[in-house]
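*Asks:* So that we are looking at the same thing, I have put the structure below in C-alpha coordinates.
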Amino acid sequence: MKIFRNGLFTGLALQVAIGPVFFYIINLALQKTIFHGLVGALAVAIVDFSYVALAILGIGKILENEKIKRIFGIISSLVLIIFGLIIIKGITNINISNRIIGSVSLLSSFISVLLLTISNPITIVLYTGILGARGIEKNYTQRELFVFGFGIGMATLIFMSASVILFSLIKGSVPVLLIQIMNLIVGCLLIGYGGIRLRKVFKKV
(Lines give C-alpha, C1' and ligand atoms only; values in the text may rest on other atoms or scores of the structure.)
Protein backbone atom coordinates (compact mmCIF):
# COMPACT_ATOMS: atom_id res chain seq x y z
CA MET A 1 0.00 0.00 0.00
CA LYS A 2 2.87 2.34 0.83
CA ILE A 3 4.50 1.69 -2.55
CA PHE A 4 1.22 2.39 -4.34
CA ARG A 5 0.78 5.60 -2.33
CA ASN A 6 4.29 6.74 -3.24
CA GLY A 7 3.49 6.11 -6.91
CA LEU A 8 0.21 8.00 -6.58
CA PHE A 9 1.91 11.06 -5.06
CA THR A 10 4.66 10.93 -7.68
CA GLY A 11 2.03 10.78 -10.44
CA LEU A 12 0.09 13.70 -8.98
CA ALA A 13 3.29 15.74 -8.87
CA LEU A 14 3.82 15.00 -12.58
CA GLN A 15 0.30 16.26 -13.34
CA VAL A 16 1.40 19.77 -12.39
CA ALA A 17 3.01 19.95 -15.83
CA ILE A 18 -0.30 20.54 -17.65
CA GLY A 19 0.00 20.05 -21.40
CA PRO A 20 -2.12 20.29 -24.58
CA VAL A 21 -3.86 16.95 -23.95
CA PHE A 22 -5.27 18.28 -20.66
CA PHE A 23 -6.82 21.28 -22.41
CA TYR A 24 -8.11 19.05 -25.20
CA ILE A 25 -9.96 16.84 -22.69
CA ILE A 26 -11.40 19.82 -20.80
CA ASN A 27 -12.53 21.21 -24.13
CA LEU A 28 -14.33 17.92 -24.87
CA ALA A 29 -16.14 18.13 -21.53
CA LEU A 30 -17.20 21.74 -22.15
CA GLN A 31 -18.13 21.41 -25.81
CA LYS A 32 -19.70 17.93 -25.62
CA THR A 33 -20.67 16.14 -22.40
CA ILE A 34 -19.01 15.09 -19.16
CA PHE A 35 -18.87 11.52 -20.51
CA HIS A 36 -16.76 12.63 -23.48
CA GLY A 37 -14.33 14.20 -21.04
CA LEU A 38 -14.28 11.12 -18.80
CA VAL A 39 -13.58 8.70 -21.66
CA GLY A 40 -10.77 11.08 -22.66
CA ALA A 41 -9.38 10.86 -19.12
CA LEU A 42 -9.63 7.07 -19.34
CA ALA A 43 -7.73 7.09 -22.65
CA VAL A 44 -4.87 9.10 -21.13
CA ALA A 45 -4.71 6.77 -18.13
CA ILE A 46 -4.62 3.68 -20.37
CA VAL A 47 -1.69 5.11 -22.33
CA ASP A 48 0.09 6.04 -19.10
CA PHE A 49 -0.45 2.55 -17.68
CA SER A 50 0.91 1.09 -20.93
CA TYR A 51 3.92 3.42 -20.99
CA VAL A 52 4.73 2.62 -17.35
CA ALA A 53 4.59 -1.12 -18.11
CA LEU A 54 6.77 -0.68 -21.21
CA ALA A 55 9.24 1.44 -19.22
CA ILE A 56 9.52 -1.27 -16.55
CA LEU A 57 10.04 -3.90 -19.25
CA GLY A 58 12.86 -1.80 -20.67
CA ILE A 59 11.26 -0.64 -23.93
CA GLY A 60 12.15 2.95 -23.03
CA LYS A 61 15.80 2.16 -23.71
CA ILE A 62 14.95 1.54 -27.36
CA LEU A 63 13.61 5.08 -27.71
CA GLU A 64 16.98 6.40 -26.60
CA ASN A 65 18.24 5.37 -30.04
CA GLU A 66 18.57 8.64 -31.96
CA LYS A 67 17.23 7.27 -35.27
CA ILE A 68 14.12 5.75 -33.69
CA LYS A 69 13.59 8.86 -31.56
CA ARG A 70 13.76 11.02 -34.72
CA ILE A 71 11.13 8.92 -36.56
CA PHE A 72 8.77 8.98 -33.56
CA GLY A 73 9.43 12.70 -33.18
CA ILE A 74 8.39 13.49 -36.76
CA ILE A 75 5.26 11.30 -36.70
CA SER A 76 4.06 12.51 -33.30
CA SER A 77 4.66 16.17 -34.19
CA LEU A 78 2.61 15.85 -37.39
CA VAL A 79 -0.23 14.19 -35.44
CA LEU A 80 -0.32 17.16 -33.04
CA ILE A 81 -0.33 19.70 -35.87
CA ILE A 82 -3.11 17.87 -37.77
CA PHE A 83 -5.29 17.68 -34.65
CA GLY A 84 -4.69 21.37 -34.01
CA LEU A 85 -5.75 22.31 -37.54
CA ILE A 86 -8.90 20.15 -37.30
CA ILE A 87 -9.90 21.83 -34.02
CA ILE A 88 -9.40 25.36 -35.39
CA LYS A 89 -11.28 24.48 -38.58
CA GLY A 90 -14.31 23.36 -36.53
CA ILE A 91 -14.56 26.57 -34.48
CA THR A 92 -17.29 28.09 -36.64
CA ASN A 93 -19.47 24.96 -36.29
CA ILE A 94 -19.84 25.31 -32.50
CA ASN A 95 -23.29 26.16 -31.22
CA ILE A 96 -25.44 25.63 -28.15
CA SER A 97 -27.01 22.39 -29.38
CA ASN A 98 -23.80 20.48 -30.01
CA ARG A 99 -22.43 21.70 -26.71
CA ILE A 100 -25.26 19.95 -24.93
CA ILE A 101 -25.89 16.92 -27.11
CA GLY A 102 -22.46 16.28 -28.61
CA SER A 103 -22.29 15.21 -32.24
CA VAL A 104 -19.12 13.19 -31.72
CA SER A 105 -19.46 9.66 -30.35
CA LEU A 106 -17.79 8.60 -27.12
CA LEU A 107 -15.64 6.19 -29.11
CA SER A 108 -14.42 9.02 -31.36
CA SER A 109 -13.53 11.12 -28.31
CA PHE A 110 -11.71 8.17 -26.76
CA ILE A 111 -9.73 7.42 -29.92
CA SER A 112 -8.82 11.08 -30.54
CA VAL A 113 -7.42 11.48 -27.01
CA LEU A 114 -5.69 8.09 -27.26
CA LEU A 115 -3.92 9.15 -30.47
CA LEU A 116 -2.94 12.52 -29.01
CA THR A 117 -1.49 10.91 -25.90
CA ILE A 118 0.34 8.18 -27.83
CA SER A 119 1.87 10.92 -30.00
CA ASN A 120 4.30 11.64 -27.18
CA PRO A 121 6.21 8.35 -26.81
CA ILE A 122 9.08 10.18 -25.14
CA THR A 123 6.92 9.85 -22.02
CA ILE A 124 8.22 6.27 -21.87
CA VAL A 125 11.74 7.65 -21.51
CA LEU A 126 10.53 9.94 -18.70
CA TYR A 127 8.92 7.01 -16.89
CA THR A 128 12.03 4.90 -17.47
CA GLY A 129 14.10 7.54 -15.69
CA ILE A 130 11.64 7.95 -12.80
CA LEU A 131 11.10 4.23 -12.28
CA GLY A 132 14.80 3.50 -12.63
CA ALA A 133 15.77 6.14 -10.10
CA ARG A 134 13.09 5.06 -7.63
CA GLY A 135 13.94 1.39 -8.13
CA ILE A 136 17.58 2.06 -7.23
CA GLU A 137 16.72 4.41 -4.37
CA LYS A 138 14.14 2.11 -2.73
CA ASN A 139 15.60 -1.16 -4.01
CA TYR A 140 12.22 -2.11 -5.54
CA THR A 141 11.72 -5.48 -7.22
CA GLN A 142 10.06 -5.56 -10.65
CA ARG A 143 6.75 -6.47 -8.99
CA GLU A 144 7.06 -3.51 -6.61
CA LEU A 145 7.87 -1.25 -9.57
CA PHE A 146 4.62 -2.35 -11.22
CA VAL A 147 2.72 -1.41 -8.02
CA PHE A 148 4.53 1.95 -7.97
CA GLY A 149 3.77 2.45 -11.66
CA PHE A 150 0.11 1.55 -11.11
CA GLY A 151 -0.02 4.39 -8.60
CA ILE A 152 1.35 6.79 -11.23
CA GLY A 153 -1.31 5.68 -13.72
CA MET A 154 -4.09 6.05 -11.14
CA ALA A 155 -2.90 9.59 -10.41
CA THR A 156 -3.48 10.47 -14.07
CA LEU A 157 -6.99 9.00 -14.02
CA ILE A 158 -7.93 10.72 -10.75
CA PHE A 159 -6.53 14.13 -11.73
CA MET A 160 -8.02 14.14 -15.23
CA SER A 161 -11.43 12.85 -14.09
CA ALA A 162 -11.64 15.37 -11.24
CA SER A 163 -10.76 18.19 -13.64
CA VAL A 164 -13.43 17.05 -16.12
CA ILE A 165 -16.09 16.89 -13.39
CA LEU A 166 -15.12 20.33 -12.06
CA PHE A 167 -15.29 22.02 -15.45
CA SER A 168 -18.51 20.17 -16.36
CA LEU A 169 -20.20 21.65 -13.27
CA ILE A 170 -19.61 25.18 -14.56
CA LYS A 171 -20.34 24.33 -18.21
CA GLY A 172 -23.84 25.86 -18.13
CA SER A 173 -22.41 29.28 -17.42
CA VAL A 174 -19.76 29.11 -20.15
CA PRO A 175 -20.76 31.13 -23.27
CA VAL A 176 -20.26 29.80 -26.81
CA LEU A 177 -17.72 32.56 -27.53
CA LEU A 178 -15.53 31.31 -24.68
CA ILE A 179 -15.74 27.75 -26.07
CA GLN A 180 -14.64 29.06 -29.47
CA ILE A 181 -11.75 30.96 -27.89
CA MET A 182 -10.74 27.85 -25.95
CA ASN A 183 -10.85 25.80 -29.16
CA LEU A 184 -8.59 28.36 -30.80
CA ILE A 185 -6.17 28.23 -27.86
CA VAL A 186 -6.13 24.41 -27.81
CA GLY A 187 -5.63 24.27 -31.58
CA CYS A 188 -2.79 26.79 -31.45
CA LEU A 189 -1.18 24.96 -28.50
CA LEU A 190 -1.21 21.67 -30.41
CA ILE A 191 0.13 23.25 -33.61
CA GLY A 192 2.75 25.25 -31.71
CA TYR A 193 3.86 22.29 -29.62
CA GLY A 194 3.99 20.07 -32.70
CA GLY A 195 5.91 22.72 -34.64
CA ILE A 196 8.49 23.22 -31.88
CA ARG A 197 9.04 19.48 -31.57
CA LEU A 198 9.33 19.11 -35.35
CA ARG A 199 11.92 21.92 -35.50
CA LYS A 200 13.95 20.28 -32.73
CA VAL A 201 13.92 16.97 -34.61
CA PHE A 202 15.21 18.49 -37.86
CA LYS A 203 17.66 20.69 -35.97
CA LYS A 204 19.42 17.56 -34.74
CA VAL A 205 19.69 16.12 -38.26
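*Asks:* Looking only at region 50-59, filter to residues that are surrounded by fewer than 23 Cβ atoms within 10 Å (Cβ to Cβ) and either part of a helix (DSSP H, G or I) or not aliphatic (A, V, I, L, M) (or both); which one of those is modelled with the lowest pLDDT? First the steps, then the outcome.
*Replies:* Let us first name the residues in region 50-59 that are surrounded by fewer than 23 Cβ atoms within 10 Å (Cβ to Cβ), namely 50, 53-54, 56-59.
Imposing the further condition that a residue be either part of a helix (DSSP H, G or I) or not aliphatic (A, V, I, L, M) (or both) reduces the set to 50, 53-54, 56, 58-59.
Details: 50: 89, 53: 87, 54: 84, 56: 81, 58: 74, 59: 59.
Residue satisfying both the conditions and the ranking: 59.
*Asks:* Same structure again: I'd like to know if region 29-49 contains one or more residues that are under 30 Å from residue 133 (Cα atoms) and outside any helix (DSSP H, G or I).
*Replies:* No: zero hits.
*Asks:* Determine if region 142-157 includes at least one residue that is surrounded by fewer than 19 Cβ atoms within 10 Å (Cβ to Cβ), at pLDDT 85 or above and closer than 22 Å to residue 112 by Cα.
*Replies:* The answer is yes; a qualifying residue exists.
*Asks:* Can you name the residue in region 121-141 that is outside any helix (DSSP H, G or I) and at pLDDT 70 or above and is also most open to solvent (accessible area, probe 1.4 Å) among such residues?
*Replies:* Among them, the one singled out is 139.
*Asks:* I want to confirm something. Restricting to region 1-28 and keeping residues that are in a loop (DSSP other than H, G, I, E, B) and either of a type in the set (Gly, Ala, Ser) or more than 21 Å from residue 52 (Cβ to Cβ) (or both), which single residue is modelled with the lowest pLDDT?
*Replies:* Let us first name the residues in region 1-28 that are in a loop (DSSP other than H, G, I, E, B), namely 1, 15-19.
Pick out the ones that are also either of a type in the set (Gly, Ala, Ser) or more than 21 Å from residue 52 (Cβ to Cβ) (or both) and you get 17, 19.
Numbers: 17: 65, 19: 72.
It comes out as 17.
*Asks:* While we're here: With respect to residue 110, is the statement that it is under 29 Å from residue 74 (Cα atoms), at pLDDT 80 or above and aromatic (Phe, Trp, Tyr) true? Quick ask: steps written out before the conclusion?
*Replies:* Details: under 29 Å from residue 74 (Cα atoms): yes; at pLDDT 80 or above: yes; aromatic (Phe, Trp, Tyr): yes.
So residue 110 fits the description; yes.
*Asks:* Hey, can you tell me all the residues within region 178-205 that are modelled with pLDDT of 75 or more, under 18 Å from residue 67 (Cβ atoms) and surrounded by fewer than 15 Cβ atoms within 10 Å (Cβ to Cβ)?
*Replies:* 200, 202, 203
*Asks:* Among what's in region 1-36 and is hydroxyl-bearing (Ser, Thr, Tyr) and closer than 18 Å to residue 168 by Cβ, pick the residue that is nearest to the chain's Cα centre (by Cα).
*Replies:* Per the criteria, the residue is 24.
The values are calculated or read from the model by the stated rules, or taken from the named source; none is laboratory data. Keep in mind that what you see is a predicted model, and the values were worked out from it rather than measured. All Cβ positions, glycine included, derive from the backbone under ideal geometry; neighbour counts span all protein chains shown. Just so you know, the surface numbers come from the protein's heavy atoms only, side chains and all, with ligands and any DNA or RNA stripped out. Shrake-Rupley method; radii C 1.70, N 1.55, O 1.52, S 1.80 Å.
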